[in-house]
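The values are calculated or read from the model by the stated rules, or taken from the named source; none is laboratory data. From a predicted model like this one, the values you see are computed outputs, not experimental measurements. All Cβ positions, even for glycine, are placed from backbone atoms using ideal geometry, and neighbour counts span all protein chains on display. Ligands, DNA and RNA are excluded from the accessible area calculation, which covers all protein heavy atoms including side chains. Shrake-Rupley method; radii C 1.70, N 1.55, O 1.52, S 1.80 Å.
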Amino acid sequence: MPSRKFADGEVVMGRWPGSVLYYEVQVTSYDDVAHLYTVKYKDGTELALKESDIRSQSSFKHRKSQSSSSSPSRRSSSRSRSRSRSPGRPAKGRRRSASQSREHKDDKKKTIQETSLALVVLILLKPSENNTKRYNGEPESTEKNDTSCIILEQKLKPDLEIKRVLEQYSLRSRKDDKKTEEIFSERKTFVAVKPIEKVPSKTKELEFGGRIGTFMMIFLLPATVFYLLLMCKQDDPSLLNVPPLPALESLWEWRVFGVFLLWFFLQAVFYLLPIGKVVEGLPLSNGRRLQYRINGFYAFILTAAALGVLLYFQFELRYLYDHFMQFAVSAAAFSLALSIYLYVRSLKAPEEELAPGGNSGYFIYDFFTGHELNPRIGSFDLKYFCELRPGLIGWVVINLAMLLAEMKIHNLTMPSLSMILVNSFQLLYVVDALWNEEAILTTMDITHDGFGFMLAFGDLVWVPFVYSLQAFYLVGHPTTITWPVAAAITVLNCVGYYIFRSANSQKNNFRRNPADPKLANLKFIPTATGKGLLVTGWWGFVRHPNYLGDIIMALAWSLPCGFNHILPYFYVIYFICLLVHREARDEHHCKQKYGLAWERYCQRVPYRIFPYIY
């Protein structure tokens, strides 16, 4: 194994991929397998470079001093004194052979081509470094590393003078010069448009407690779901009243599993329908963009129509309530089988298609977090489909089944006010998610996390069976609330929804078109990636205002269940823990992505989710 040349923390000069420019960088780590150095530029950008693309500062400065050893004026004057001589006659005291003279000229022209090429690349790269700065008038020097630009300018001045003299006294025909110019032009074009590809690397920082934590969560998550459902069935669902374990044979029924499969594949058929627009996702590590069909809202409408037909023919949705635990077990078994399939197929996936956060090399960890980023069967994207369709729409269907079960069990002519509030609030949330389906393409679930047990179980089991906990609780534990209380809870939910939707819309509109005149009042911090970090509006209030709106809505969903038991408040407690953990993950990834710009943003916006608290 070759020994590494540069140590971690060492400041060196790194070549920018696709150009001849060298910037001052700091070595952060070294991959022994790929033999690549991970370096960090001054603006926070991190790239993986080969050892041949890295040079020590001393050697770089030495070359710089050589190129500027004599001033351009002195060299120009020396050449002007020799103009009276014949071009074929060498200067006095510097006689050399014809071959040496040609080699000298070739070296000079090679240097000129390299410096000219560097200038072309510099001009092409410069507008894209901090493109967003022109929108709010911030100086470009705030995020730009100018070290190599100054060195380049010092090198270009004498070299351009050499080019002028060589062109004047060149012995080659103009036809040859023109041919060389065409070749050089093609070379510049090729280098300028060459894409910069990120080299995939192993996941070094393990989340969720690493291998031990993920192993325990594979068992803990299903156990939590089953425990909550058993608690809701009890007359006294207090924490100290542990429910008895049911018989194992009562947890499984093939007919229930068949109904679940029918539901899953029905949603898959709706997903494949050629309705709705097709959009492109964010660029992958290899620069490719995947296409997604946006038709989740149409799938919801078709599902509602199918349910209407079933109810018209007097199909009993109470069947879902009576076999609720069996449906949860069926969904868990299916998600486990799907996770195994996803991991096995990921072993044959190309390296660039693996998830950044699920490529650790540890079986349990990669199985849980997801090894492959975007597993697809043809054009059918498994992760994107499961993210919104079977679980989220299934959540609404379960709520409706609970509403009908409440009316049937308690002989009500209309559902209780508490049940109406829970169904209405959560229906609004689901419809909003499906209507704004395109926004999910920029979330961490799609761009960073692989599709493994965590997302498969979360999408197919946790969302429909835990998020519907309030409606399930109200069937067995009816709660009466007054109209003024209902009005206050409705206002609270509307406030949360307004913060949630307006914050997300503000962010999405800014991402699509930062120059939109409607967003002229927004200020932001430019970054080296070309994106801006909003520091006014909702995103200047707290760093994650959408999370704040989410938590307020979660509280409003639990309040109609009263205060007799803490069980219906499990959702809001869990949701706070989830969003705080996700916020910490966001902070970590944003700091790596935006570098110094993110530190400036955190100084401008100190509160993460709760203003003046956290």
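Side notes on the structure shown:
- Rolling a 1.4 Å probe over the heavy atoms of the protein chains gives the stretch 481-613 an accessible area of 48 Å² per residue.
- By average C-beta atoms within 10 angstrom, highest first, the peptides 532-544, 374-386: 532-544, 374-386
- By definition, a body whose alpha carbon gyration tensor gives a ≥ b ≥ c is oblate when a/c is 1.5 or more and a/b is not larger than b/c, and the stretch 207-480 fits this oblate description.
- Once the gyration tensor of the Cα atoms in the stretch 481-613 is diagonalised, the equivalent ellipsoid follows with semi-axes of 32, 18, 10 Å, ordered largest first.
- Surface per residue (accessible, 1.4 Å probe) for the stretch 10-58, Å²: 42 Å²
- The alpha-carbon atoms of the stretch 365-502, seen along their principal axes, cover 50, 34, 27 angstrom, with the largest extent given first.
- Packing, as the average of other Cβ atoms within 10 Å across residues, places the peptides 547-557, 220-230 in the order 547-557, 220-230, highest first.
- Residue-wise HN-Hα coupling along the stretch 603-612, computed from phi with Karplus coefficients 6.51, -1.76, 1.60 (Hz; x: Gly, Pro): 5, 6, 10, x, 8, 7, 10, 9, x, 6
- Ranked by the mean number of other Cβ atoms within 10 Å per residue, highest first, peptides 248-256, 410-418, 328-336, 44-52 order as 328-336, 44-52, 410-418, 248-256.
- Accessible-area composition of the stretch 10-58, carbon plus sulfur, in percent [1.4 Å probe]: 48 percent
- Taking label positions 7 Å along the Cα-Cβ direction at both Ile573 and Leu230, the computed distance is 1.8 nm, reported to one decimal.
- According to the Cα-based calculation, Rg over Rh for the stretch 439-498 is 1.15, with Rh computed by the Kirkwood formula.
- Whole-angstrom gap from the stretch 395-433 to the stretch 445-514, using each part's C-alpha centre: 15 Å
- Of the solvent-accessible surface of the stretch 207-480, computed with a 1.4 Å probe over protein heavy atoms with every protein chain present, carbon and sulfur atoms account for 68 percent.
- Carbon plus sulfur fraction of accessible area for the stretch 481-613, probe 1.4 Å, in percent: 64 percent
- Table column - 3J(HN,Hα) (Hz), the stretch 559-567, Karplus curve with 6.51, -1.76, 1.60, x for Gly and Pro: 4, x, 7, x, 10, 6, 9, 7, 3
- Rounded D (µm²/s) - the stretch 387-427, Kirkwood Rh over Cα pairs, Stokes-Einstein at 25 °C, 0.890 mPa s: 229 µm²/s
- The alpha carbons of the stretch 10-58 stretch over 26, 22, 19 Å along the principal axes, in descending order.
- Between amide H atoms placed 1.01 Å from N, distances below 5 Å from Leu21 occur with Trp16, all of them 5 or more places distant or on a separate chain.
- Cross-link pairs beyond the 23 Å C-alpha cut-off, checked among Lys348/Lys591; Lys42/Lys591; Lys277/Lys383: Lys348/Lys591
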